[in-house]
1. What is the ratio of the Cα radius of gyration of the range 51-144 to 2.2 N^0.38 Å, where N is its residue count, to two decimals?
2. Taking the Cα centre of the range 39-286 as the origin and placing charges on Cβ (Lys, Arg +1; Asp, Glu -1), which of ALA79, VAL48, TYR128 is farthest toward the positive end of the dipole?
3. Quick one: which residues, 5 or more positions from ILE214 or on another chain, have an amide H under 5 Å from its amide H? H modelled 1.01 Å from N in the peptide plane, none for Pro or chain starts.
4. Which of PHE260, PHE36, PHE280 comes first, and how do the rest follow, when ranked by fewest Cβ neighbours within 10 Å?
5. On alpha carbon coordinates alone, what is the Rg over Rh value for the range 198-288, Rh being the Kirkwood radius?
6. Once the dipole of the chain is set up with Lys and Arg at +1 and Asp and Glu at -1 on Cβ about the Cα centre, which of PHE280, ILE214, HIS144 lies farthest towards its positive end?
7. Cα centroids of the range 222-268 and the range 103-117: how far apart, whole angstrom?
8. For the range 161-177, in order, what is each residue's ³J(HN,Hα) by Karplus, 6.51 cos²θ - 1.76 cosθ + 1.60 with θ = phi - 60°, in whole Hz (x at glycine and Pro)?
Amino acid sequence: MISAKESTGLPLPHGASEPQVQAQPKVRARRWLGPFNPPMSDWRGKTVWIVGASTGIGRATAERLHGLGAQVVVSARKAQALADFVQSHAGSAALVLDVTDPDAVRAAAQQLLKAGPLDCVVYCAGHYQPMRADRMNLADMLRHNAVNYQGALFLLDAVLPALLARGAGHISLVGSVAGYRGLPQSLAYGPTKAALINLAETLYLDLRDRGIGISLINPGFVQTPLTAANAFEMPALLTPDQAAAAMLRGWSQGAFEIHFPKRFTLWLKVLRLLPTRLYFYLARQIAP
Ligand SMILES: NC(=O)c1ccc[n+]([C@@H]2O[C@H](COP(=O)([O-])OP(=O)(O)OC[C@H]3O[C@@H](n4cnc5c(N)ncnc54)[C@H](OP(=O)(O)O)[C@@H]3O)[C@@H](O)[C@H]2O)c1
């Protein structure tokens, strides 16, 4: 049977109606209102590679996915933490790597792809130090860029050709609400997360018709080693497991941007919409 879409353009007998002409807006409306990505909720037998999974959000996500039947591969630098994960999660695997080393990222990807297709790849590696412009530290700014952004590019370069060839798979980038707008103390971290947000949006536009899902994770505050040194009280603080649960919910809904907790992130979305002068005034009041 030829679908309305496939039959478009075929010559029709004189006087015949063109049902596909009326059906098309409905199809478009469904696509417009439907999920951004193919929803991912049945993880049984799916291979998921989480880069940045030795601690925090990445580890908690690996744990939850493993519990749902996924075959989880965890990567990061801390070999012992990864080995502990593998030992306590039967069927999982670990690949130790430093995301600032493109050869290591490529070699790990090749090893995994040789074993079979990757259903989901999550870039969760992150580096964070508060920094203000009057104490700018170029070396640490470049480290933020290398870990938070450039490493994501190495990962994309390593996995995207295989995903494109297969016309399937999902890539998820962990950004941050700190990438929405400029923030005090965020000189090194914020711009890398803004870059990831832009990267994810562009990837989505380029890949949505190629069968590849793209999602962007924008957490608020989560209690992990990354935020442990924060001297201020973190509003709406989540545990890593709560963050992982929110990510899984977002993936199951086929969301593009998965941000949480909403009671915090929705306020930041409002701030994002404000005119610059008003935003600067409020940002200085909230976080001097
Ligand atoms: N916690 C929050 O409030 C929060 C908020 C918004 C966004 N995020 C983002 O969430 C992601 C996860 O952070 P987290 O809070 O869960 O912190 P975390 O527990 O410190 O996790 C960071 C992960 O990145 C890995 N990593 C760091 N440098 C690496 C490198 N050079 N090569 C390979 N792996 C590296 C770490 O493993 P090794 O040290 O073993 O390499 C660790 O597994 C980050 O992208 C972070 O920016 C966190």
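Every read-out reported here was derived from the displayed coordinates using simple, explicitly stated rules and does not represent laboratory data. Keep in mind it's a predicted model, so treat the numbers as computed, not measured. Cβ sites come from the backbone with ideal geometry, for glycine too, and all protein chains shown count toward neighbours.
1. Working: Rg = 15.2 Å, N = 94, 2.2 N^0.38 = 12.4 Å.
It is 1.23.
2. Going by the Cα projections, it comes out as TYR128.
3. ILE171
4. On the way: PHE260 22, PHE36 17, PHE280 13.
Neighbour counts put them in this order, fewest first: PHE280, PHE36, PHE260.
5. Working: Rg = 15.6 Å, Rh = 15.1 Å.
Rg divided by Rh gives 1.03.
6. PHE280
7. 30 Å
8. Per-residue couplings from phi come out as x, 5, 5, 5, 5, 8, x, 7, x, 9, 10, 10, 10, 8, x, 5, 5 Hz.
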